[in-house]
Amino acid sequence: MQMAHGCGGDIPERMIPILIPAAGASSRMRGADKLLQEVDGVALLRRQAMMARTVSADVRIGLPPRPHSRYDALAGLEVTPIPVPDAGDGFGHTLRALFGSLEGGVNHAMLLLPDLPDIAEGDLRAVFGARSAVPDALIWRGATPDGQGGHPILINRAVFADFQQIKGDGGGRAIIRTLGDRVHHVAFGDDRARRDLDTPEAWAAWRAARPSTSGDPR
């Protein structure tokens, strides 16, 4: 792994790609699609994509091959779908496809899981801002108050090649562990950096505990 200090000729923050891996099968939802569950009247996947677009002009979403209802959920949004033909072989294949889409001039990319419904625009901006505050890091990521790493994750290009080599169900945890103090945590006020909803029971509990809201899905 190349342990680069940084990369010259950096692009403006608004042009840093945000990568959303949304090609998984929602197998624990027992027939439902967690990414099409509504949050404030909007499908979760669409909500996350809209939020990402407020921060970056370059949003790329890994999706199952067409036809699939997740494409319909993104209709009309200025995002780039990245079909993942082998998505069924594991999460790692979606990460490989997303990182493989990055052009040579891209020095940073943000990885945002689509099933974290409490992540807000301000959280994305906080992680982006940490890049300037802690320039020696290679990874900047959202975290819980007690320091457990979560999402979103901003990644320096020195680590892109490692993400392009992930196989099977492997995520980025093993890669991030090797970086030690080159990982900087941005603590949020609660556990929303890790609060993913993978089962009908988790969705029901989350909805029961959440105040009723309306209006802006961000």
Worksheet item: Out of ASP162, ASP115, ASP123, ASP169, which single residue is among the acidic types (Asp, Glu), in contact with a Pro (Cβ under 8 Å, 6 or more places away or on another chain) and in contact (Cβ under 8 Å) with a residue 24 or more places away in the chain?
Response: ASP123
Discussion item. Cβ-Cβ under 8 Å, sequence separation 6+ or interchain: first residue in the stretch 131-145 and farther than 14 Å from ASN107 by Cβ and in contact (Cβ under 8 Å) with a residue 40 or more places away in the chain, partner in a loop (DSSP other than H, G, I, E, B) and among the acidic types (Asp, Glu). Which pairs?
Written reply: THR144/ASP190; THR144/ASP191; PRO145/ASP190; PRO145/ASP191
Practice prompt. Could you please find all residues in the stretch 50-97 being surrounded by fewer than 21 Cβ atoms within 10 Å (Cβ to Cβ) and farther than 16 Å from PRO21 by Cβ?
Written response: MET50, ARG53, THR54, ALA57, ARG66, PRO67, SER69, ASP72, ALA75, GLY76, LEU77, GLU78
Discussion item. Would you confirm whether or not the stretch 133-155 contains a residue that is in contact with a helix residue (DSSP H, G or I) (Cβ under 7 Å, 6 or more places away or on another chain) and of a type in the set (Lys, Arg)?
Written reply: yes
Item to complete: Determine whether the stretch 108-124 contains at least one residue that is more than 15 Å from ILE155 (Cα to Cα) and in contact with a Ser or Thr (Cβ under 8 Å, 6 or more places away or on another chain).
Response: yes
Item to complete: Would you mind finding the one in ASP190, ASP123 that is closer than 26 Å to ALA202 by Cα, of a type in the set (Asp, Glu) and not in a loop (DSSP other than H, G, I, E, B)?
Response: ASP123
Fill in: Those residues of the stretch 114-134 which are under 14 Å from the mean Cα position of the chain (by Cα) and surrounded by fewer than 20 Cβ atoms within 10 Å (Cβ to Cβ), in sequence order
ASP118, ALA120, GLU121, ARG125
Worksheet item: Residues PRO217, PRO152, PRO145: which one is modelled with pLDDT under 90, in contact with a strand residue (DSSP E or B) (Cβ under 6 Å, 6 or more places away or on another chain) and of a type outside the set (Phe, Trp, Tyr)?
Response: PRO217
Fill in: Enumeration of residues in the stretch 136-163 that are crowded, with 16+ Cβ neighbours inside 10 Å and assigned to a loop (DSSP other than H, G, I, E, B)
ALA137, LEU138, THR144
Response to the item:
Out of (1) in contact with a Leu (Cβ under 8 Å, 6 or more places away or on another chain); (2) more than 17 Å from ALA22 (Cβ to Cβ); (3) in a loop (DSSP other than H, G, I, E, B), the one ALA130 does not meet is (3)
Discussion item. Quick check on GLY168: is it at pLDDT 90 or above, in a loop (DSSP other than H, G, I, E, B) and over 15 Å from the mean Cα position of the chain (by Cα)?
Written reply: no
Item to complete: Could you pull out every one of the helices (runs of 4 or more DSSP H) wholly within the stretch 1-105 that has 2 or more residues that are modelled with pLDDT under 90?
Response: 91-100
Discussion item. Can you report the number of residues in the stretch 171-187 which are in a helix (DSSP H, G or I) and not acidic (Asp, Glu)?
Written reply: 7
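The values are calculated or read from the model by the stated rules, or taken from the named source; none is laboratory data. All values reported here derive from a predicted model rather than from experimental measurement. Every residue, glycine among them, receives a Cβ derived from its backbone with ideal geometry; neighbour counts consider all protein chains shown.
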